[in-house]
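Asker: Below are the structure tokens for one structure; questions will follow.
Please treat every number below as a calculation from the coordinates, not as lab data. Small disclaimer: the values here were computed from a predicted structure and weren't measured. Virtual Cβ from ideal backbone geometry, glycine too; neighbours counted across all protein chains shown.
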Amino acid sequence: MKKNICVLGSTGSIGTQTLEIAKNLGIKVSSLAVNQNINLLEKQIRMFKPQIAAVFNQNQALNLKKRVNDTFTKVVAGKEGVCEAAAISSVETVVSAMSGISGLLPTVEAIKNGKNIALANKETLVSGGSLVMKLAREKNADLFPVDSEHSAIFQCLQGNKDRKNIKRLILTASGGPFFGKNLSELENVSPEEALKHPNWNMGKKISIDSATMMNKGLEIIEATHLFEVPIENIDVIIHRESIVHSMVEFKDGSVLAQMAVPSMKIPIQYALTYPQRINCSIESLSLTGCKNLSFFEPDYQVFKAMEICKKAFKGNSSSCAVINAANEKAVELFLNREIRFTDIIKLVNYALNNFKFSEINSVEDIEIIDRKVRNEIHIIAKDLQ
Ligand code: NDP
Ligand code: MG
């Protein structure tokens, strides 16, 4: 397939699956970016021969430079290096698959340079949604969702683009590893238990977000930006089997769903081949083989993250950047065993109610909020112990 891509976060869960797809479809990979995993990046350089490889960690960038000086790949470092990889002129689509807020700046740089975005990094839209969507419109850049729920909705909306016809979006959620548990049972769960997702094998941050259901809250915000559907018209339903990836209900009562076996390869590939559908070497969905397709209301008393995210969205444009930063810091502290699992959402809620900033006008504004909130959360978390 004639296409030229950049993969931001090429050593991660989404990044490695993207490269498998690129290899299968003969898509050219012109630039790659990672945080510090130069062992895997070196292998990727030797396989895909990109023009540029960016390593955020400066020391690891120097090490990589020595290792690949027999190749034509230019190694660049730091935040500037990652942005250079995202803006490279030969690339038409940037796969935004870094984890967390670090994905915002290079994704914005890519859009500024007229690239289309295959968007996995939901934190970009959570923190800077209005800013990013406005810039994409100005630059005529398309945002193709990679998140499976948003890809499902995007697929259901093909041929049904008039927003006036939509009654509501229904995001499905697996419910994560702690479905059915009460708050006291969640108090002492370990990072290992929280990382054990029933259906998906993902990076650590999104796995913890799935366990707290913050992931679904972030996805509600992501969906309202991507599809311009009011947040009141976005519902969540628990679907343990992860076969129905999301649904759209139209005004006439018709509901369209997208179904497939749970594999991120389908949404990643569709974001790269849209509007074409190409063989993806994924097993066929056997509905008779699925014992059951079950649906439940979320337990909003135990999993408060979704309501907190909706409330944040209704605040001023800085509120979503505040909850995103608080959540990222709290997840990090939980993974380091410095706070309890249930403290994560308590801290996010505290941040929303207590940290006030003025409206966001630039990526720099978001970066400042992000730094301040992380510092505050670190200090408050010490008092929780
Ligand atoms: P991983 O943790 O598996 O991978 C993260 C990638 O980002 C790694 O390549 C990492 O490099 C790189 N990275 C992290 N920080 C930086 C930085 N500062 N500069 C450059 N590269 C950096 O995450 P996932 O693949 O699971 O998730 C990526 C994004 O996709 C997240 O926003 C997530 O919410 C979203 N997503 C993921 C899904 C999934 O199934 N995994 C599903 C839907 C959305 P290194 O390896 O060197 O640390
Ligand atoms: Mg998702």
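Asker: Pull up the DSSP beta bridges for the chain and report the antiparallel fraction as a percent, rounded to 5.
Answerer: Roughly 25 percent of the beta bridges in the chain run antiparallel, per DSSP.
Asker: Rounded to the nearest 0.05, what FRET efficiency is calculated for Arg340 and Leu62 with R0 set to 30 Å and r the Cβ-Cβ distance?
Answerer: About 0.15, to the nearest 0.05.
Asker: Counting alpha carbon pairs within less than 8 Å and at least 6 residues apart, what relative contact order, in whole percent, applies to the range 1-46?
Answerer: Answer for the range 1-46 is 46 percent.
Asker: So for the chain, taking the charge dipole from beta-carbon charges (+1 Lys/Arg, -1 Asp/Glu), which of Ser254, Cys83, Leu352 sits furthest toward the positive end?
Answerer: Of the options given, the answer is Cys83.
Asker: Just to confirm a number: summing +1 for Lys and Arg and -1 for Asp and Glu over residues other than Ile221 whose beta-carbon lies under 9 angstrom from that of Ile221, what do you get?
Answerer: Residues near Ile221 contribute 0 overall.
Asker: At 0.36 nm per residue, minus the direct Cα-Cα distance, what do Met259 and Glu228 gain on full extension? Give it in nm, one decimal, please.
Answerer: Contour length minus Cα-Cα distance gives 8.9 nm.
Asker: Shifting gears a bit: Can you work out ³J(HN,Hα) from phi for every residue in the range 126-141, in order, using Karplus 6.51 cos²θ - 1.76 cosθ + 1.60 and θ = phi - 60°, giving whole Hz and x for Gly and Pro?
Answerer: 5, 7, x, x, 5, 4, 5, 5, 5, 4, 4, 5, 4, 8, 6, 8
Asker: Continuing with this model, one more query. Report ³J(HN,Hα) in whole Hz for each residue of the range 17-32, in order, from the Karplus equation J = 6.51 cos²θ - 1.76 cosθ + 1.60 where θ = phi - 60°; Gly and Pro get x.
Answerer: Whole-Hz 3J(HN,Hα) from phi for the range 17-32: 5, 4, 5, 4, 5, 4, 5, 4, 9, x, 7, 7, 10, 9, 8, 9.
Asker: Rounded to the nearest 0.05, what FRET efficiency do Lys164 and Phe296 give with R0 = 25 Å and r taken as the Cβ-Cβ distance? Could you check?
Answerer: Working from the Cβ atoms, E equals 0.25.
Asker: Calculate the tail of P(r) for the range 217-265: the fraction of all Cα-Cα distances greater than 13 Å, expressed in %.
Answerer: Cα-Cα pairs in the range 217-265 separated by more than 13 Å: 66 percent.
Asker: Place a +1 charge on the Cβ of each Lys and Arg in the chain and a -1 charge on the Cβ of each Asp and Glu, then give the dipole magnitude about the Cα centre in debye, rounded to the nearest 20.
Answerer: With only Lys, Arg, Asp and Glu charged at Cβ, the dipole is about 900 debye.
Asker: Please report the relative contact order for the range 59-137, taking Cα pairs under 8 Å with a sequence separation of at least 6, and give it as a percent rounded to a whole number.
Answerer: Once normalised by length, the contact order is 25 percent.
Asker: Per residue and in cubic angstrom, what volume does the convex hull of the Cα atoms of the range 121-276 have?
Answerer: Taking the convex hull of the Cα positions in the range 121-276, it is 125 Å³ per residue.
Asker: Moving on to the next point. Mind running the shape call on the range 231-385? Use the C-alpha gyration tensor, a ≥ b ≥ c as the square roots of the eigenvalues: rounded below 1.5 for a/c, prolate if a/b tops b/c, oblate otherwise.
Answerer: Taking the square roots of the gyration eigenvalues as a ≥ b ≥ c, the range 231-385 is prolate.
Asker: If I stretch the segment between Ser362 and Lys139 completely, what's the gain in nm (0.36 nm per residue apart, minus their alpha carbon distance), one decimal?
Answerer: Stretched out fully, the Ser362 to Lys139 stretch lengthens by 78.7 nm.
Asker: Kirkwood hydrodynamic radius of the range 297-384 from all distinct Cα pairs, in Å?
Answerer: 13.2 Å
Asker: Also: One quarter of the convex hull surface, Cα atoms only: what value does that give for the range 79-123 in nm²?
Answerer: 2.6 nm²
Asker: Expressed as a fraction of 2.2 N^0.38 Å, the rule-of-thumb size for a compact globular protein of N residues, what is the C-alpha radius of gyration of the chain?
Answerer: 0.96
Asker: Relative contact order of the chain: what whole-number percent is it, with Cα pairs under 8 angstrom and at least 6 residues apart?
Answerer: 15 percent
Asker: If exposed means no more than 16 neighbouring beta carbons inside 10 Å and the site is in a DSSP loop, what's the longest run of the chain without any exposed chymotrypsin sites (Phe, Trp or Tyr not before Pro)?
Answerer: With chymotrypsin sites (Phe, Trp or Tyr not before Pro) excluded where exposed in loops, the chain gives 73-199 as its longest stretch.
Asker: Rounded to whole Å, give me the distance from the Cα center of the range 57-115 to that of the range 274-290.
Answerer: 32 Å
Asker: For the range 1-158, what is the charge dipole size about the Cα centre, in debye to the nearest 20, if Lys and Arg each add +1 at the Cβ and Asp and Glu each add -1 at the Cβ?
Answerer: Roughly 460 debye, rounded to the nearest 20.
Asker: Quick one: Glu109, Glu359, Glu42, Glu193, fewest Cβ neighbours within 10 Å first, how do they rank?
Answerer: Neighbour counts put them in this order, fewest first: Glu359, Glu193, Glu42, Glu109.
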